[in-house]
Amino acid sequence: MAGVTVYDRHTLRSTTTDQNGYYELPVTPQSQIVVSKLDYRDTVLQVSSQTPRFVKLDLYPDSLPQPRPASLRDQVNRTSYALEEFFLKTSQQLSALNVQDSLHRRFQFSLLPNVGTNQRLSGSVTNDISINLLAGYSRGNRVLELAGLGNLTRENMTGLQAAGVFNNLRGNAAGFQAAGVYNYVGDTLTGVQAAGVVNVAGYGHKAAFQAAGALNLVPRGRFGIQVAGAANLADTITAFQAAGAWNSARVFLNGAQVAGAINHAGRADAGTQFAGLTNSVGRGVIRAQVAGLGNVADTLNGIQVAGLFNRARCLRGTQIGVINFAGVNRGTQIGLLNFSRQGGYMAVEASVNDLLWANLAFHSGTRRLYVTLTAGVDSAAIGDRTLWAFGVGVGTRTRLAARLGLSADLVHRHLNEGGFDNAVREWEQLAVALQLRIAGGLYLSGGPTFNLLITDPDDADSPGFRSRTVKKNVLPGDAADGWLSGWWGWTAGVKWAF
């Protein structure tokens, strides 16, 4: 039988059988020789002074492992196997696979995986302390392992594992892994991984931490904290993700995602997201989303703040953005345009007031708080000195009776005369109006207003502009050093709510 590992359990001398099953190994009268091969039971030969030089040994098959379909974890492991194959000879790999015995050394030193105190059985030995000048190969490490280039570990590590370039661990890690480029844990990480470029762990533990210059990856299990210069990818995050570009988690629990560009969670449970561009949650509850561009959430129980748009299937908090969308609106929307399928408020209003005789406004949000976009013109004086205005405001509406309501609006407008005017000509208006429903969503409205005009007293055109717009100033002439004028007015209109 070819490819069988034969080793001395005491001296750790080892060899591998040739294609015909032959081998040669120096022994002592007290040697305990172990014959090992993957998927076969170990055979042990106790050497004595009576043992012949030529010995024929039989190996018996062990239970064969059942094949299983390839998983994401298997795909990630390919990099680990490729790295191991680069450094190891075939004979060393066979020995490591064949030998099932538990070999232990307190200390080992090596130059390369096949050049060291554990000789060719280094992959079958668990060390307390391991010092590898360039690269080392072991079954496991219990306290400390250091390497100038890299560490290759077949099973588990506890304590500290540090390397100038890489750590490649197939089993569990409980402690601290540090590498200049790459850390890999094939099974469960409980502790800390720190790498200049990439950290990979097969399974996550909620008490674990990853920090990398580029990428952190945990495809399965719950994980605590990930911090990366470029991207983080995890199955379940329980505490914190921070990346310069992108964070992704299948499930995001009670923590925070912070990214320079994008955060995504397949499902969330009361977490918080901050991103330079977008945040998104497929389903579940999110408490807060803050993004430079946009936010997308299933159920929002807190606040969404975005530079452009917010979207939530069920809104139970507050949306602040230029454009806000909600499927079911049970909260508050603050934006220039606010849309809801259920629970929202949208209306178009045509009105007149004591200053401008043609006004059009769009209200959106909720009845408790809506935002108004408005524009108007003095249609009675069309010409080079036509007075017109545009602005934005907020308002609230309450129901007094079956067909009667009351609204209060605070609106800011910029006034212009002829073309657009950069001068300080700001019109602030507080309007209170009764709302009478005629039929369906059609309302008649009207009521008093109080108005303030803000103009620059040092502008030579301000006195003439004030005399045109302010019919009867109710404020002292030097109010706010001549900046403010005020008057009482009125408004009336027709509104269609939908």
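Report, by residue number, each residue of region 340-351 that is buried (at least 17 other Cβ atoms within 10 Å of the Cβ) and assigned to a strand (DSSP E or B).
Within region 340-351, Ser340, Tyr345, Met346, Ala347, Glu349, Ser351 qualify.
Asn20: over 30 Å from Tyr203 (Cα atoms) and modelled with pLDDT under 85, yes or no? Working first, answer last.
On the way: over 30 Å from Tyr203 (Cα atoms): yes; modelled with pLDDT under 85: yes.
The answer is yes for Asn20.
Taking the condition of being open to solvent by 10 Å² or more (accessible area, probe 1.4 Å) and either in a loop (DSSP other than H, G, I, E, B) or closer than 22 Å to Gly405 by Cα (or both), how many residues in region 372-391 meet it?
The qualifying residues number 8.
Considering only residues that are open to solvent by less than 30 Å² (accessible area, probe 1.4 Å) and either assigned to a strand (DSSP E or B) or of a type in the set (Ser, Thr, Tyr) (or both), which ones fall in region 104-115?
From region 104-115, those open to solvent by less than 30 Å² (accessible area, probe 1.4 Å) are 108, 110, 113; that's our starting set.
Once the filter is applied, which keeps residues that are open to solvent by less than 30 Å² (accessible area, probe 1.4 Å) and either assigned to a strand (DSSP E or B) or of a type in the set (Ser, Thr, Tyr) (or both), region 104-115 yields Gln108, Ser110.
Does region 256-293 hold any residues that are among the aliphatic types (A, V, I, L, M) and either farther than 20 Å from Val322 by Cβ or crowded, with 24+ Cβ neighbours inside 10 Å (or both), and which are they?
Within region 256-293, Ala256, Val258, Ala259, Ala265, Ala268, Ala270, Ala275, Val281, Val285, Ile286, Ala291 meet the criteria.
Being among the small types (Gly, Ala, Ser), in a strand (DSSP E or B), farther than 17 Å from Gly204 by Cα and in contact (Cβ under 8 Å) with a residue 24 or more places away in the chain is the requirement here; does Ala268 meet it? Walk me through it before giving the result.
On the way: among the small types (Gly, Ala, Ser): yes; in a strand (DSSP E or B): yes; farther than 17 Å from Gly204 by Cα: yes; in contact (Cβ under 8 Å) with a residue 24 or more places away in the chain: yes.
Against the criterion (among the small types (Gly, Ala, Ser), in a strand (DSSP E or B), farther than 17 Å from Gly204 by Cα and in contact (Cβ under 8 Å) with a residue 24 or more places away in the chain), Ala268 qualifies.
Mind telling me which of the residues Thr332, Thr299, Thr318, Thr236 ends up being open to solvent by less than 20 Å² (accessible area, probe 1.4 Å) and within 25 Å of Arg367 (Cβ to Cβ)?
Working: Thr332 fails: open to solvent by less than 20 Å² (accessible area, probe 1.4 Å); Thr318 fails: open to solvent by less than 20 Å² (accessible area, probe 1.4 Å); Thr236 fails: within 25 Å of Arg367 (Cβ to Cβ).
Matching residue, one of Thr332, Thr299, Thr318, Thr236: Thr299.
Taking only pairs six or more apart or across chains, which ones have beta-carbon atoms under 7 Å, a first residue in region 126-151 that is closer than 15 Å to Asn172 by Cα and without any contact (Cβ under 8 Å) to a residue 60 or more places away in the chain, and a second residue that is outside any strand (DSSP E or B) and hydroxyl-bearing (Ser, Thr, Tyr)?
Qualifying pairs under 7 Å: Ser138/Ser122; Arg139/Ser124.
Conditions first: (1) open to solvent by 40 Å² or more (accessible area, probe 1.4 Å); (2) without any contact (Cβ under 8 Å) to a residue 60 or more places away in the chain; (3) not hydroxyl-bearing (Ser, Thr, Tyr). Arg220 passes all but one, so which condition is the exception?
Condition not satisfied by Arg220: (2).
Filtering region 1-57 down to residues that are open to solvent by less than 30 Å² (accessible area, probe 1.4 Å), among the hydrophobic types (A, V, I, L, M, F, W, C) and touching a residue at least 24 places away in the same chain (Cβ under 8 Å), which residue is nearest to Asn114 (Cα to Cα)?
Across region 1-57, the extreme among qualifying residues is Leu12.
Counting only residues that are aromatic (Phe, Trp, Tyr), give me the strands (runs of 3 or more DSSP E) lying completely in region 136-234 with at least 2 of them. Walk me through it before giving the result.
Numbers: elements: 140-147, 150-153, 157-163, 166-169, 173-179, 182-195, 198-204, 209-212, 215-228.
Output list reads 182-195.
Out of everything in region 398-423 that is surrounded by 14 or more Cβ atoms within 10 Å (Cβ to Cβ) and modelled with pLDDT under 95, what residue ends up being farthest from the chain's Cα centre (by Cα)? Quick ask: steps written out before the conclusion?
To start, the set of residues in region 398-423 that are surrounded by 14 or more Cβ atoms within 10 Å (Cβ to Cβ) comprises 405-409, 411-417, 421, 423.
If we keep only those that are modelled with pLDDT under 95 as well, we get 416-417, 421, 423.
Working: Asn416: 46, Glu417: 50, Asp421: 45, Ala423: 45 Å.
Checking each candidate, the answer is Glu417.
The values are calculated or read from the model by the stated rules, or taken from the named source; none is laboratory data. This structure is a prediction, so every number in the text was calculated from the model and none was measured. Because the Cβ atoms are built from the backbone with ideal geometry, glycine has one as well, and the counts that use them run over all protein chains shown. With ligands, DNA and RNA removed, areas are computed over all heavy atoms of the protein, side chains included. Shrake-Rupley method; radii C 1.70, N 1.55, O 1.52, S 1.80 Å.
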